[in-house]
Amino acid sequence: MTIRTKLLAGVMIAAGAAWLAPTAAVAQSKEVEVVHWWTSGGEAAGLSVLRKAVEAKGITWKDAPISGGGGAQAMTVLQARLAAKNPPTATQGLGFDIQDFAAEGVLANLNGVADKEGWDKVIPAALQRFSKYKGQWVAAPVNVHSTNWVWANKAVLEKAGVTAMPANFDEFVAALDKVKAAGLIPLAHGGQPWQDATIFDSILLSVGNDFYKKSMIDLDPAALGSADMKTAFERMAKLRTYVDANFPGREWNLASAMVIKGDAAFQIMGDWAKGEFLAAGKVPGKDFVCFRFPGTQGTVTFNADQFAMFKVGADKQEAQAVLASSILDPAFQSAFNVKKGSVPARTDVSDKDFDDCGKKGMKDLAEASAKGTLFGSMAHGHASPAAVKNAIYDVVTRHFNGQLDTAKAVAELPKAVAAAK
Amino acid sequence: MTVTTTAPIATPERAGSRAEWLQAALPKLVLAPSFAGILIFVYGFILFTFYLSLTPSRFMPVYEATGFDAYGRLFNQPNWWVALTNLGIFGSLYILICIALGLLLAILIDQKVRGEGILRPIYLYPMALSFIVTGTAWKWFLNPGLGLEKTINAWGWTSFKFGWLVDNDMAIYTVVIAGVWQASGFVMAMFLAGLRGVDGEILKAAQIDGASTVNVYRRIVIPILRPVFLSAFIVLAHMAIKSYDLVIALTGGGPGNATELPSTFMYSYTFTRKQMAVGSASAIIMLMTISAVIVPYLYSELREKSR
């Protein structure tokens, strides 16, 4: 045993100790990285409420915003980060996207937090369908948007002589005719496939709840090519005649602006449109009115923003659990949704801070959930997976833009869905 | 001075051979990293994409090849046929008009006009803009409720109509307009460079023989410009096939799906519609389309060199 070997052994032991040291005690990383696409006014304001709540618990919020409505760009980024095994803590996610992530086995198990806080009891079952994968909580729902709303400018309706809100499709047509006769644009619409599909959602519901479920959720080929579907496309074609010529490519918020400014009477759009009206200083009930798409009262089509939680290292799980718990905190749910225009994802939140449209939205949601008439929105990826959704988009938008007539659209829809399945 | 003989000579000789070796190897050494990079990130990923097109990949890549199923699905998509038809219309018009307009501009500027130094950059400038900017600007300009039509109506010509942007059948031509506006100046610059390379002696000789200007251009100058035509064609053809941002900014693929191109099809199927295999198949078809154009060109070029 020379001095040299002793020295060598000493160095080796020291190196070994240095190597082992970090694993002996897992240093808790107090940071959450959140990918989202809430970059516009009301959305960003709502998100900052969550950020403050999380930061108040001593956790650093690393913001990873990826602009681009609907999250298509964010999905590309996430695909790349997952492929590189570098997932963020959480991402904003919609419907089937969450299920797709879960099927890849990249999402965390939130059952610990969920059981402790009783998520199962307060979140509607229709929502749980997307927040859970094989009985395991993988995402924390933030809000529920409902998509079968109509927004109308009260002054324009008075000018056109529309006194009562239409209760069925025929009355709606009559109201649209009156506005047309008064020389204004009856229906403000943006010509993008998802906006065409948003109208289509409401029209399918107005034809029948069972029909909506059979065609869009069960994707039953018979229902997709049925006489009811023909009625739906005929109604689409009818609504097309009330839209101004300049609609292709228009953003939804510009269509809302047409109603706000009094150039147009109605817009068929989800409740995020309310944010535009409020931002323009309009008061619900006084300047504008909100009502369910004629013939769909008592039924709600929804899409819900959720935060899907990725599988992260043991050091980050604590912060992740805090984030999840903060999202489902009733105070946050109320504060966020007042700002965002949507309604809380849990049904036990007080509606005292919400305006008329918000109160109505919460009441409708609770009712529909109890009656079993709460359906995922096809247009917003909560009825069928992305491939099928886009196949339906294709047919609907081509029909709405006059590239397919009604007979062809009815014939092509089942084929397009079958090809995408 | 006969003291220094053998020793000093030996060292420079060895250094000289090392320097020579370095000189010979340096280009290869410098090129090696980029060569490896291109090999992996271009050709490697082409192969990867081809492999993906043989799998049933949807949301994330799956690595089990099942055959040419995705190609069958691809050619069963009405969208893909719309995209191919649009590429045919857009590609042929874009290339033809750009070359015709570029040549015309180049010939006119070549007539020793005053202020050529100012004119040239003015025509070339659109090329400096990105396709997104071009697309957005033309979207505003061609929108009937916002741009050209509204302005002319406001000036008093109230029956004027120009609604191509919102018309299913005409929207693809607005993409041609914006594309031509962007690229024809660049083609002009290529032709101008070619024209400046034409030997003045030949032109003088032709003039002495009594040839008219038109004939001089038709019989002598334009045939001499043949290589420029080819380069312009190659540049424009690949730009037509890969143009994505222009369509996205200008029409977003609409109205309906009236301005879908293979490039927009590929992106949406791969990344937003979760049909990665079909998207990869469309990318491979696009690659084959480009190859069908480029390979005969390269072949003819190489054959000429070796002759």
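Computed from the coordinates by the stated procedures, all read-outs in this text should not be read as laboratory data. All figures in this text were calculated on a predicted structure; none of them were measured in a lab. When we count neighbours, we look across all protein chains shown, and the Cβ atoms used for this are built from the backbone with ideal geometry, even at glycine.
Gain on full extension, evaluated as 0.36 nm per residue between B:F35 and B:W21 minus their Cα-Cα distance, stands at 3.0 nm.
With springs only between Cα atoms under 10 Å, which of B:A32, B:A100, B:A283 fluctuates most in a Gaussian network model of chain B? Answer for the Gaussian network model of chain B: B:A32.
Bridgeable aspartates and glutamates around A:K316 (alpha carbons under 13 Å apart, same-chain partners fewer than 8 residues away excluded): A:E31, A:E33. If R0 is 41 Å, the Cβ-Cβ spacing of B:R218 and A:E234 corresponds to a FRET efficiency of close to 0.10. Beta bridges assigned by DSSP with both partners in chain A are antiparallel in approximately 60 percent of cases.
Within a straight-line Cα-Cα reach of under 16 Å, B:K204 can be paired with the following lysines, leaving aside sequence neighbours fewer than 8 residues apart in one chain: B:K112. Just to check, using Stokes-Einstein with a Kirkwood Rh over alpha carbon pairs, what's the diffusion coefficient of region A:141-299 at 20 °C and 1.002 mPa s in µm²/s? My calculation gives 135 µm²/s for D. For chain B, a Gaussian network of Cα nodes joined below 10 Å ranks B:W138, B:W157, B:W181 by mean-square fluctuation, and the top entry is B:W157. Of the GluC sites (Glu not before Pro) in region A:48-136, the ones in a loop by DSSP (not H, G, I, E or B) with at most 13 other beta carbons within 10 Å are A:E104. Averaged over the residues of peptide B:50-62, the number of Cβ atoms from other protein chains lying within 10 Å of each residue's Cβ is 2. Reported to the nearest whole Å, the Cα centre-to-centre distance from region A:51-124 to region B:141-170 is 45. Largest first, the extents of the alpha carbon coordinates of the protein assembly as shown on the three principal axes equal 108, 102, 49 Å.
Partnerless cysteines in the protein assembly as shown, where a partner means another cysteine C-beta under 4.7 angstrom, comprise B:C98. Between helix A:3-24 and chain A there is an angle of about 30 degrees, using the helix long axis and the longest principal axis of the Cα atoms.
Taking every full run of DSSP H in chain B, the ones that stretch at least 15 Å from end to end by Cα along their long axis and average -0.5 or higher on the Kyte-Doolittle scale are B:6-38, B:78-109, B:131-142, B:171-196, B:226-242, B:276-306.
What 222 nm value per residue comes from the helices of chain B, counting each DSSP H run with n ≥ 4 as -39,500 (n - 2.57) and dividing by all residues, nearest 500 deg cm²/dmol?
-22000 deg cm²/dmol
For chain B, a Kirkwood radius taken over Cα pairs fed into Stokes-Einstein (25 °C, viscosity 0.890 mPa s) yields D = 103 µm²/s.
In degrees, nearest 10, range 0 to 90: what is the angle between the Cα axis of helix A:386-400 and the longest Cα principal axis of chain A? The angle comes out near 20 degrees. Both the radius of gyration and Dmax for region A:321-421 are 18.8, 53 Å, in that order, over alpha-carbon atoms. For chain A, the Stokes-Einstein estimate of translational diffusion at 37 °C and a viscosity of 0.692 mPa s comes to 143 µm²/s, using the Kirkwood hydrodynamic radius over alpha-carbon pairs.
Computed over region B:150-289, the P(r) curve from all C-alpha pair distances, binned at 5 Å from the origin, holds 2, 8, 12, 12, 12, 12, 9, 9, 9, 7, 4, 1, 1, 0 percent per bin.
Across the cross-link table entries A:K339/A:K360; A:K154/A:K178; A:K62/A:K132, which are compared at the Cα atoms, the separations over 18 Å belong to A:K62/A:K132.
Among B:V175, B:V113, B:V133, the largest mean-square fluctuation in a Gaussian network model of chain B (Cα springs under 10 Å) belongs to B:V113.
The trypsin sites (Lys or Arg not before Pro) found in region A:51-147 that occupy coil by DSSP, while having at most 11 further C-beta atoms within 10 Å, are A:K85, A:K134. Considering only alpha-carbon pairs that sit under 8 angstrom and 6 or more positions apart, the relative contact order computed for chain B is 28 percent.
Reported to the nearest whole Å, the Cα centre-to-centre distance from region B:66-98 to region B:212-252 is 21.
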